[in-house]
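**Q** Dumping the structure here so I can ask a few things about it.
The values are calculated or read from the model by the stated rules, or taken from the named source; none is laboratory data. All figures in this text were calculated on a predicted structure; none of them were measured in a lab. Every residue, glycine among them, receives a Cβ derived from its backbone with ideal geometry; neighbour counts consider all protein chains shown.
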Amino acid sequence: MTYPRTKYWNQHMSEDLKHVHGEEGFERQDLSAQAIYAFLISLVVGGVLVYLVVLGLYKFMDARQRARHPQQSPLVQQVDTNTRIVSPDEIKKFPEPRLERNERIEINDFRLKEEQTLNSYGWVDEKSGVARIPIDRAMQLVVQRGLPTTPKTGTIPPSAVDVANQAAERSDTSGTSPQTKPPAPR
């Protein structure tokens, strides 16, 4: 069964026809400037309407909350409703960490305090005998004494007693050799 060509073919689809445009310029089917302005105006009006609806909704919910809120006891101290203004006394009552008021000054003060801590002697925990020393002195001690090392595989690690005895021998400044010392009582 064959179908007539007119059903699937249109004269406007033929490439044999000449494409002649009567007038040059732009297509008349595009949006006009008036349609674009009407869309922008309706967008602004819609935005304002949404704003007003949301504002009315918030006011309604606020009024409803106030109506359902139980009445406060007359003994309760009335508080100022402006919470954006805070006195210095109230700032000290607020727990740490607090918001920074002037970041540059506060960070400089923090860095100065850290530098003083790193470069001074002091107690970390005096009861347990833990002290801090300046970082330069700590580096000198590491150079002198060396870092602790782990024993090589296959070797027996030194016992705590041997390490303590060796440390005591090194710190002994009496001038006597370990061989001439009498043995420690056990």
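Residue by residue, here is whether (1) exposed (fewer than 10 other Cβ atoms within 10 Å of the Cβ); (2) not hydroxyl-bearing (S, T, Y) holds:
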site	(1), (2)
S87	yes, no
P95	yes, yes
E114	no, yes
N119	no, yes
G122	no, yes
P134	no, yes
G146	yes, yes
T149	yes, no
V161	yes, yes
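**Q** While we're looking at this one, here's another question. Which numbered condition trips up N82, out of (1) exposed (fewer than 10 other Cβ atoms within 10 Å of the Cβ); (2) under 28 Å from the mean Cα position of the chain (by Cα)?
**A** For N82, the exception is condition (2).
**Q** While we're looking at this one, here's another question. What are the pairs, 6+ residues apart or on separate chains, where a residue within the range 98-118 that is in the same structural domain as I133 (by TED's automatic domain parsing) has its Cβ under 9 Å from a residue that is surrounded by 10 or more Cβ atoms within 10 Å (Cβ to Cβ) and among the β-branched types (V, I, T)?
**A** Within 9 Å, the pairs are L118/I135.
**Q** Moving to a separate point now. Suppose we filter the range 134-148 for residues that are of a type outside the set (S, T, N, Q) and part of a helix (DSSP H, G or I); how many remain?
**A** 9
**Q** Check whether at least one residue in the range 113-123 is aromatic (F, W, Y), at pLDDT 80 or above, assigned to a loop (DSSP other than H, G, I, E, B) and under 28 Å from D136 (Cα atoms), and report yes or no.
**A** For the range 113-123, residues aromatic (F, W, Y), at pLDDT 80 or above, assigned to a loop (DSSP other than H, G, I, E, B) and under 28 Å from D136 (Cα atoms): present.
**Q** From the residues in the range 124-166 that are within 30 Å of E114 (Cβ to Cβ) and of a type in the set (K, R), which one is nearest to the chain's Cα centre (by Cα)?
**A** Step by step, filter the range 124-166, then rank; the result is R132.
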